[in-house]
Amino acid sequence: PVQVDAGGGEALRRLVEDLGVQVLLGASTQEIAPTDDGLRLTFADGSTLDTDMVVFSAGIRPADALARAAELDTGERGGVTVDVGCLTSAPDVYAVGECASAVGRTWGLVAPGYAMAEVVVDRLLGGTGTFEGADLSTKLKCLGIDVASFGDAFAETPGALELVWADPVQGVYKKLVVSDDAKLLLGGILVGDASAYASLRPLVGSSLTLNPADLIAPSGSGATLE
């Protein structure tokens, strides 16, 4: 949900199911119990699923036990609280990466960690570098399926417009977010075909010299921005 919107998620679900993987959404697990043949999951709606193995993907959880033992301030959802200079509540103690709660949140990508590290190095050398957030743009493969997002992928900028190209037959979902006058690229989401990621991401914040539709629609489609 950090990287893909509802439309992109639906496209990704179809692509995953085309691989022969059953996808259950909103299936809150109430119980996992052993059976003679393996395990049985019981969901909130009373339905069950028999399986051989259950794998939990728990995401990233800040390892802040040492900070708590040292009575350093920690974030509401975990992580060592740091200021814009990545300094904790203790003098001369810095925290960076996934264990740090910076700008009110933890950051689960490597790029923000690198950015924090650069700030700390600058501070140690007498500089005034600050960390005020990071670009969450990323490109990944989910079961071999290309998924990418960059910039303001969820159109949170006031007046932002969303241009979507979706081809369920080919298994492609592409979305660009542009300014209200369609002259500035703000972000986007790519599912199924992320070949344009390398060229689109550097354009974020730049003025567009052509119709935004031309950046994601196949040539000859006649797509225009409404």
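Out of segment 43-79, which residues are over 26 Å from the mean Cα position of the chain (by Cα), open to solvent by 100 Å² or more (accessible area, probe 1.4 Å) and of a type in the set (D, E, K, R)?
Correct list: Asp45, Asp52, Arg68, Glu71.
Quick one: how many residues across segment 192-226 are of a type in the set (Val, Ile, Thr), over 11 Å from Phe150 (Cα atoms) and either at pLDDT 90 or above or open to solvent by 50 Å² or more (accessible area, probe 1.4 Å) (or both)?
Number of matching residues: 2.
Among the aliphatic types (A, V, I, L, M), under 30 Å from Val164 (Cβ atoms), surrounded by fewer than 10 Cβ atoms within 10 Å (Cβ to Cβ) and modelled with pLDDT of 90 or more: does that describe Ala6?
Yes.
Can you name every residue in segment 138-154 that is of a type outside the set (D, E, K, R) and out of contact with any Phe, Trp or Tyr (no Cβ under 6 Å at 6 or more places or on another chain)?
If the condition is that a residue be of a type outside the set (D, E, K, R) and out of contact with any Phe, Trp or Tyr (no Cβ under 6 Å at 6 or more places or on another chain), then Thr138, Leu140, Cys142, Leu143, Gly144, Ile145, Val147, Ser149, Phe150, Gly151, Ala153, Phe154 are the ones that fit.
Checking Val84 against (1) more than 21 Å from Gly9 (Cα to Cα); (2) open to solvent by 40 Å² or more (accessible area, probe 1.4 Å); (3) assigned to a strand (DSSP E or B), only one condition comes out false. Which one?
Val84 satisfies every listed condition except (3).
Quick check: is even one residue across segment 30-40 under 25 Å from the mean Cα position of the chain (by Cα), closer than 30 Å to Asp18 by Cα and open to solvent by less than 40 Å² (accessible area, probe 1.4 Å)?
Scanning segment 30-40 turns up no residue that is under 25 Å from the mean Cα position of the chain (by Cα), closer than 30 Å to Asp18 by Cα and open to solvent by less than 40 Å² (accessible area, probe 1.4 Å).
May I ask you to list the residues in segment 46-67 that are in contact with a Gly (Cβ under 8 Å, 6 or more places away or on another chain) and over 30 Å from Pro91 (Cα atoms)?
Within segment 46-67, Asp50, Thr51, Asp52, Met53, Gly59 meet the criteria.
Quick one: what pairs do we get from segment 120-140, first residue within 16 Å of Arg105 (Cα to Cα) and modelled with pLDDT under 95, second open to solvent by 30 Å² or more (accessible area, probe 1.4 Å) and in a strand (DSSP E or B), C-beta under 8 Å, 6+ apart or different chains?
Close Cβ pairs satisfying both conditions: Asp135/Gly151.
Of all residues in segment 87-107, how many are in a loop (DSSP other than H, G, I, E, B), open to solvent by less than 50 Å² (accessible area, probe 1.4 Å) and modelled with pLDDT under 95?
Matching residues across segment 87-107 total 1.
Residues in segment 166-189 that are over 10 Å from Ala11 (Cα atoms), crowded, with 19+ Cβ neighbours inside 10 Å, of a type in the set (A, V, I, L, M, F, W, C) and in contact with a helix residue (DSSP H, G or I) (Cβ under 8 Å, 6 or more places away or on another chain): how many?
Qualifying residue count for the region: 4.
Inside segment 113-170, counting only strands (runs of 3 or more DSSP E) that do not spill past its ends, which hold 1 or more residues that are closer than 14 Å to Tyr94 by Cα?
No strands (runs of 3 or more DSSP E) qualify here.
Is it the case, given these coordinates, that Thr128 is polar (S, T, N, Q), open to solvent by 40 Å² or more (accessible area, probe 1.4 Å) and touching a strand residue (DSSP E or B) at 6+ places or on another chain (Cβ under 6 Å)?
Taking the combined requirement at face value, the residue does not satisfy it.
The values are calculated or read from the model by the stated rules, or taken from the named source; none is laboratory data. Source: prediction; values computed, not measured. Ideal geometry is used to build each Cβ from the backbone, glycine not excepted, and the neighbour counts take in all protein chains shown. Surface accessibility is based on the protein's heavy atoms, side chains included, excluding ligands, DNA and RNA. Shrake-Rupley method; radii C 1.70, N 1.55, O 1.52, S 1.80 Å.
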